[in-house]
1. Taking K487 as the anchor, which lysines have their alpha carbon closer than 27 Å to its alpha carbon, excluding any fewer than eight residues away along the same chain?
2. Can you grab the distance from the C-alpha centre of the stretch 628-674 to the C-alpha centre of the stretch 783-817, Å, no decimals?
3. How many angstrom lie between the C-alpha centres of the stretch 208-230 and the stretch 722-745?
4. Quick test of your reading: applying the under-4.7 Å Cβ rule, which cysteines of the chain are isolated?
5. Can you sort W680, W142 by 1.4 Å-probe accessible area, starting with the largest?
6. Tabulate in residue order the Karplus-calculated ³J(HN,Hα) for the stretch 403-409, using 6.51 cos²θ - 1.76 cosθ + 1.60 with θ = phi - 60°, rounded to whole Hz; enter x for Gly and Pro.
7. Could you state the accessible area per residue of the chain in Å², with a 1.4 Å probe and every protein chain left in place?
8. To make sure I understand the rule: partners must be aspartates and glutamates, Cα under 16 Å from the Cα of K351, and not fewer than 8 residues away in the same chain. Which ones qualify?
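The values are calculated or read from the model by the stated rules, or taken from the named source; none is laboratory data. None of the values given here were measured: they were computed from a predicted structure. Using ideal geometry, Cβ is built from the backbone for each residue, glycine included, and neighbour counts are taken over all protein chains shown. Surface areas here come from the heavy atoms of the whole protein model, side chains and all, with no ligands, DNA or RNA. Shrake-Rupley method; radii C 1.70, N 1.55, O 1.52, S 1.80 Å.
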Amino acid sequence: MTLNRFWSVPLLVLVAASSQGVRGEPNVTRATLDNGLRVVIVRDPLAPVVTVYQNYLVGGDETPAGFPGMAHAQEHMAFRGCAGVTADQTAAIFAQLGGYGNADTQQTITQYFSTVPAADLDVALRVDAACMQNIDDAQSEWAQEKGAIEQEVSRDLSEPTYKFLTRLNEDMFAGTPYAHDALGTRESFDATTGDMLKSFYTTWYAPNNAVLVIAGDVDPAATLATVKALYGKVPKKTLPARPDVQLRPVKSETFTLSSNLPYTLAFIAYRMPGTDSPDFAAVNVLSDVLASQRAKLYELVVGGTALGTEFALAEAYPKAAVAYSAAAIPVAADPSAIVASMRAIVAHYVKNGVPAELVDAAKRSETAGAQFSRNSIPDLAGAWSQALAAENRTSPDDDIAAIQKVTVADVNRVAAQYLVDSNSITATLVPSPSAEPTSSKGFGGGEQTTSAPTKPVVLPAWADTALSALTLPTLKATWTDATLPNKIRLIVKTETASPTVTVLGRVRHEARLQVPHGKDGAAEVLGDLFSYGTTTMDRVAFQTALDDIAANETAGYDFSVRVLKPQFSRGVQLLADNVLHPALPAEAFAIVKQQTVELADGNLKSPAYKTARAVRSGLLPPGDPALRETTPDTVSTLTLDDVKQLHAATFRPDLTTIVVIGDVTVEEAKATVQKWFGGWSATGPTPDVTLPPVPPNAASSVNVPDQARVQSEVTLAEEISVTRFDPDYYALQLGNHVLGGGFYATRLYHDLRQVAGLVYNVDDNLSATKTRSVYSVTYGCDPDNVSKARDLIVRDLRSMQTTNVTAQELKQAKALLLRQIPLSESSEDAVAGGLLDRALIGLPLDEPARAARRYVGLTADAVRAAFVKWIRPDDFVQVVRGPAGR
């Protein structure tokens, strides 16, 4: 899980004697309780939502020798029961709160986080406080949870980039706690016991070893009083000494790993100063500079040497960090050449220094990013947690202040000191040959009985009182919806969380209907050419113009710009110029065309593509437009005129919707969009870009070999004839939330993970459009358990068809869906994205409120009838990627 960059909000009047104010923070309340718990409350009225981060200052560093996943295992056990709250109760509570709760174990911290309606903050805090008092680390509970956490290990070990990072840490940080990340190993979990977990919990889980961050639409004084009442009675503990980190010199080396990616990846990694170092800010700026599209690393892409490049921080610990340069090249290419090119580029900057203008651009971008992080309540809470708990700062502002002080000389000094070959490790991830998919006889069929309804869960009185009523969310339609003279649909919503504006747009299109036959790949080539500037500015000049206003812009069928309020008009001007007048230079076309040929060749041979292709081929009838493929041959036939004609034919204002959200009035937004997009026109009737309906599929089973995976990844999917506009869509979604979406409180997670320990994740999904819908269940497990897991899934689906869900399950699923509606609007991006999606499919913009009323009125009979009518447990297309399942 990732933590986004931050900003800091101002401080409120403090109410506790132990609180300590910081000048200039009027929306932040800080306090330290008598037992040592540090509390930060950040008021943000963006939405009626609050995010809670319970940060414990313990992680992979503190785990016992030989047990690298101990902290991770303890994190899992917090969901198996805490003081006065059982595992089933915890799951039921968070399901009814909306299901937005999770946890994360890092090298130095363990985080428990949840986003809930603001009115339910007390419930979320009570659960967290219960776990600070005690966690049930019973051996019987661990015996069940061990299977799930071992599947998490198998999942990660099936990803080539994770295997690279694991090996990298072992080499880069040999002899230190950083050498092993917090995930753990199957071997260490097999040797772990409940008593060992309890000892770890007793040692490290303490209020004086924790930071509680609460952000959202809250009353700070009342919230702090609640925190003191719930957490204040937990006694502090005497903490042991932290493990010492003594870094050894990096032993430079080169290694190769097998991969399942459609291209070869080459890495050069360098050890850098950690978050404790005063040079860490310069490291961030250096990383941004080298990652710039105006820097020399990206020129490898522009020149056709690489398919893609990146420079970034991979790990950031207190005493050290890891930065890397990376390049993707065709499978058949020699990685030694690209490694030499990357080394030469780094050596050039070390010798000659980095461009001052790129340092300035990086600092502007970091500052603007800090403003944008105010537009999301979960991101805001995460940023404060990262700053205080992971980096030992006093505020997220500390990082921005440090970055603003960075000079070109600082960046050059850090580059010269750390970007040296003796401080580096080189790795290449080379795709392994993949055998062709094979049909199989399928799995399952051994268990046809239905399961008994889940036993009712009796909630603690404080939770039952708060969650007993189903309340319709109150969503205010505070947007305007207009059509401009050229038929662009423009939706505007004013939000003043930060002095920023976000523009999201989409041109409705369907390449599989609009691209001429034999020209598959034209849309991909066109999409990659937008980054080469406009007819008035070349690639570098256009990127410079964006950097000058610290704008983040993308162009294509999906387009966007994020910009500070004073630069709103200039940002939209640049966006419109790129979308409407892309340069499409001949030299760039030749390079992008060749890159697309090489990517298509690698993609067709990759297990990921073969898996997706097997699913589509099982679901769709022969000759369906969605079965068209981009191949090296189809791309090779393309001409520049083909791409220009595709842009002219498919980019139409009458197929375009634009959403503007942020610190801008309706009048300003409309005038600005009209000014820069108003001259756009289209000729002829608006084309139909909707795929035709398809009949239900027949059952099939395919195995896609993948030598890199140790875990079988299973997809069960079927075409169903319901559409997004069918009333039964809502009954199916409600039933789906009885099956999944609420962790252990829902049937699939309860049966496959909590009880059987067969999986780490199991996800059920209904993807519905105007004409086509797919119902799917996906999971990962050991090869020997593919059939067992499928049998349980089919059993649970049959139960939905033969027996009404219980009253408690129905109420819980309704509560889950109702609370997810306001939670889905906890950021400006989420609000804008939701408006855009609803507009493009043709739903009312207030569809969430309408859906809420539908869900409340649904009965158990309606749910069962919908599953009987539409779901066919015997007709799944089953595709297993990785080891053949049994």
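1. K476, K565, K644, K670, K675, K770
2. About 42 Å separates the Cα centre of the stretch 628-674 from the one of the stretch 783-817.
3. 35 Å
4. If one checks each Cβ against the other cysteines of the chain, C781 turn up with nothing under 4.7 Å.
5. Values: W680 25, W142 5 Å².
The residues order as W680, W142, largest area first.
6. 5, 5, 8, 5, 10, 4, 4
7. Working: 33340 Å² over 886 residues.
Value returned for the chain: 38 Å² of accessible area per residue.
8. D410, D421
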